[in-house]
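Below is one structure, written out as structure tokens; comments come after it.
The values are calculated or read from the model by the stated rules, or taken from the named source; none is laboratory data. Keep in mind that this is a model prediction, so the values were computed, not measured. All Cβ positions, glycine included, derive from the backbone under ideal geometry; neighbour counts span all protein chains shown.
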Amino acid sequence: MRIISGNFKGKKLFLPKDKNTRPLKDIVKESIFNLIKHSKKININIENSLVLDLFSGTGSFGIECLSRGSQKVFFFENYDEAVKVLEKNLNSLKNTNNFKIYKQNFFNFFSSEKNFNFNFDLIFIDPPYKEKKINQIIEKILEKKLLNQNGILIIHRHKKDNINITEKLRIIEDRTYGISRILFGN
């Protein structure tokens, strides 16, 4: 795994030793960023964007955003082994401090009265494939109005996943790359 483009292009990322974390494959990540950049349906500029990376794992997606000039990335990860790798990857990006790691479960954070005082341009949701509460996550994001008006929600699932995404989210694109299904919505 590596950083594809931007200030940290070519930098290799550390991977977890166990199999409990599923890193985002480079080809899928590159396809996502190409679609963001070239789609007429998506109006997001990664540079200076605010990004929320849920179920961050090793941080591959959020770090790619940082490399491409995002203003700030907020990482949510609660699996200790993945947090260690995430911290190691972020600390290897010398002179970068435009990120914050939340070492807790997304559901717990947003069930409390805690909230952000701003909206995100890009929210990436990449939970374990076995996670079935996708619609609860999406609805909590929409309820808390975490997404900017032109913001994009990106959901990574297995291509055989049969969960029907809530109608509260307007799907803009639905793509398959290998075993990955990527949904873009707002």
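Structural remarks
- Residue under evaluation SER31, criteria (1) surrounded by fewer than 18 Cβ atoms within 10 Å (Cβ to Cβ); (2) in a loop (DSSP other than H, G, I, E, B); (3) touching a residue at least 40 places away in the same chain (Cβ under 8 Å), criterion not met: (2)
- A single entry from ASN48, ASN105 fulfils the requirement of being under 15 Å from ILE125 (Cα atoms) and either at pLDDT below 90 or of a type outside the set (Lys, Arg) (or both): ASN105.
- Close pairs (8 angstrom Cβ cut-off, 6 or more residues apart or separate chains): farther than 10 Å from GLY59 by Cβ in region 85-98, among the β-branched types (Val, Ile, Thr) and surrounded by 12 or more Cβ atoms within 10 Å (Cβ to Cβ) anywhere: ASN98/VAL73
- The single residue among ILE125, ILE137 that is among the β-branched types (Val, Ile, Thr), in contact with a Leu (Cβ under 8 Å, 6 or more places away or on another chain) and more than 16 Å from LEU24 (Cβ to Cβ) turns out to be ILE137.
- Being on the phi < 0 side of the Ramachandran plot, without any contact (Cβ under 8 Å) to a residue 40 or more places away in the chain and hydrophobic (A, V, I, L, M, F, W, C) holds for only one residue in PHE118, PHE75, and it is PHE75.
- Tabulated pairs, region 145-164, first without any contact (Cβ under 8 Å) to a residue 24 or more places away in the chain, second small (Gly, Ala, Ser), C-beta under 7 angstrom, 6+ apart or interchain: LYS159/SER180
- Hits in region 56-86 (condition: part of a loop (DSSP other than H, G, I, E, B) and either in contact with a helix residue (DSSP H, G or I) (Cβ under 7 Å, 6 or more places away or on another chain) or among the polar types (S, T, N, Q) (or both)): SER56, GLY57, THR58, GLY59, SER70, GLN71, GLU77, ASN78
- Filtered residues of region 87-106 (kept if touching an Asp or Glu at 6+ places or on another chain (Cβ under 9 Å) and either crowded, with 24+ Cβ neighbours inside 10 Å or assigned to a loop (DSSP other than H, G, I, E, B) (or both)): LYS103, GLN104
- Complete set of residues in region 12-22 that are in contact (Cβ under 8 Å) with a residue 60 or more places away in the chain and within 19 Å of the chain's Cα centre (by Cα): LEU13, PHE14, LEU15, PRO16, ASN20, THR21, ARG22
- Total residues in region 162-176 satisfying the condition of being surrounded by fewer than 17 Cβ atoms within 10 Å (Cβ to Cβ) and either touching a strand residue (DSSP E or B) at 6+ places or on another chain (Cβ under 6 Å) or of a type in the set (Phe, Trp, Tyr) (or both): the figure is 6.
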